[in-house]
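Each remark here refers to the structure printed beneath this line.
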Amino acid sequence: SLVSSPRLELKDSSVSDESPKPGKFQRTRVPRAESGDSIGSEDRDLLYSIDAYRSQRFKETERPSIKQVIVRKEDVTSKLDEKKNGFPGQVNIKQKMQELNNEINLQQTVIYQASQALNCCVDEDHGKGSLEEAEAERLLLIATEKRALLIDELNKLKNEGPQKKNKAGPIAPSEFVPSKGSVTLSEIRLPLKADFVCGTVQKPDAANYYFLIILKAGPENMVATPLACTSNSLNGDALTFTTTFTLQDVSNDFEINIEVYSLVQKKDLSGPDKKKKAYKSKAITPKRLLTSITTKSSLHSSVMASPGGLNAVRTSNFALVGSYTLSLSSVGNTKFALDKVPFLSPLEGHIYLKIKCQVNSSVEERGFLTIFEDVSGFGAWHRRWCVLSGNCISYWTYPDDEKRKNPIGRINLANCTSHQIEPANREFCARRNTFELITVRPQREDDRETLVSQCRDTLCVTKNWLSADTKEERDLWMQKLNQILVDIRLWQPDACYKPIGKP
């Protein structure tokens, strides 16, 4: 006990020195947590204390500004640059010229073969005046006309070179170039004079009248109709052609040349009488000798259409009896007056056909737009999922509704009367990134004037305000909408309203 007591006293004294016992009326001292600055490296495991939280809060007095971030799947600026950088590449001129030369040689071969076939048509026993001779004349005409077009195209390439395709140069950002489209010609009818039709019915064996129409839109787009004869192709007082001519991927400044050709094959009605007279007397007289010589010379001259001899090429006996040039301004008409019609021609002077144009535009866009609507007389902005496809803007509440539900509404761009889609005037619409388009439709009985629509005469005019999230998205939507307006107004003028007001 004597050895252990000093140790016990020392321990008690150390405890009493560090933490003296409080008195009866003394406040108990509670150890405070140290601040974050005084915490040692070995005590860093403690995440937060009250003082550390307060000191950190005072340090973050300058908070960063809140930025609006719009997340899109694709880059909008890249889409805007597509129009600026869209520029057709140069065509390989040497390869094109070689292809034209090969095609010219091919048509020359067809001309030679058709000429040889026609040189054999000496009399009726050898096909003269037959349908086969008319078909050979048709092939000769088609090959000759196509060869001429190919030679013209080859000369243009030699003289102008690659600059022919790129005369306009790069497209300005503010211009909207119309998209290419397709043109279809069908239901071609060629009316004839009434007295000619009556005369043909009375004397069907007097002559054969063949008609042929060639449609030209350059050497690569040339189509000829089958032969139409007055004996079997008349439908009333007009010749009908079942040929359908379609031009794919053409620009809005296209031209289609229509050429009408005619061939007359007169029949020799005095043939049987001559045979009867020949049996009466076979004696040779000076008159008969002279007649036989002139007949042989006429046959020989008819066979030789060229001074080159029997092996020389011929020119077709089809004669041009009418022509017309179609363009985009011809859309909507079905009757066209032919040029270069001879006075004694059996043609009435007009040609009937149906023109159908279709734009090859593939403009599409999807995204959220905020649309201004009238709700019980009060204006409200509603966020919608909008899809631009074809000539319409369809919108839903959510993107998933696009595949499951019918759209809440549609805006038909064919009914738009704005000259160009532009940002909304800030005096009337203070919301940023808003563009305006005005549409019209026939007025209904239950139509009333609202904040977005007004009734004028027989039309209901609607002012559509659509707001994008960013300026870049607004410009992208306006660019695509203006492109569609340019396309439908050029290619389908009858299917849309004309712009109203000043451009």
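The values are calculated or read from the model by the stated rules, or taken from the named source; none is laboratory data. Keep in mind that what you see is a predicted model, and the values were worked out from it rather than measured. Every residue, glycine as well, gets a Cβ built from its backbone with ideal geometry; the counts of neighbours run over all protein chains shown.
So which of 403, 354 ends up being in the same structural domain as residue 187 (by TED's automatic domain parsing) and not in a loop (DSSP other than H, G, I, E, B)?
354
When you scan the range 357-382, how many residues do you find that are surrounded by 12 or more Cβ atoms within 10 Å (Cβ to Cβ), assigned to a loop (DSSP other than H, G, I, E, B) and not hydrophobic (A, V, I, L, M, F, W, C)?
Matching residues across the range 357-382 total 2.
Could you list all residues from the range 316-338 that are part of a loop (DSSP other than H, G, I, E, B) and either modelled with pLDDT of 90 or more or exposed (fewer than 12 other Cβ atoms within 10 Å of the Cβ) (or both)?
Within the range 316-338, 316, 317, 318, 327, 332, 333, 334, 338 qualify.
With the requirement that a residue be assigned to a strand (DSSP E or B), in contact with a Lys or Arg (Cβ under 9 Å, 6 or more places away or on another chain) and not hydroxyl-bearing (Ser, Thr, Tyr), what does the range 383-400 give you?
Result: 385, 386, 387, 388, 392, 393, 396.
Conditions: (1) within 30 Å of the chain's Cα centre (by Cα); (2) aliphatic (A, V, I, L, M); (3) over 28 Å from residue 441 (Cα atoms). Residue 355 meets all but one. Number of the miss?
(3)
So, residue 145, is that one at pLDDT 70 or above, surrounded by 15 or more Cβ atoms within 10 Å (Cβ to Cβ) and assigned by TED's automatic domain parsing to the domain that holds residue 320 or not?
Against the criterion (at pLDDT 70 or above, surrounded by 15 or more Cβ atoms within 10 Å (Cβ to Cβ) and assigned by TED's automatic domain parsing to the domain that holds residue 320), residue 145 qualifies.
Return a yes/no flag: does the range 476-499 have any residue that is of a type in the set (S, T, N, Q), part of a loop (DSSP other than H, G, I, E, B) and at pLDDT 90 or above. Before you say what the answer is, go through the steps one by one.
Within the range 476-499, the subset of a type in the set (S, T, N, Q) is 479, 482-483, 492.
After this cut, where a residue has to be part of a loop (DSSP other than H, G, I, E, B) as well, the list is 492.
Then drop every residue that is not at pLDDT 90 or above, which leaves none.
Taking every residue of the range 476-499 in turn, none turns out to be of a type in the set (S, T, N, Q), part of a loop (DSSP other than H, G, I, E, B) and at pLDDT 90 or above.
Here are some residues: 450, 439, 458, 462. Which one is farther than 23 Å from residue 370 by Cβ and not acidic (Asp, Glu)?
From the options 450, 439, 458, 462, the qualifying one is 458.
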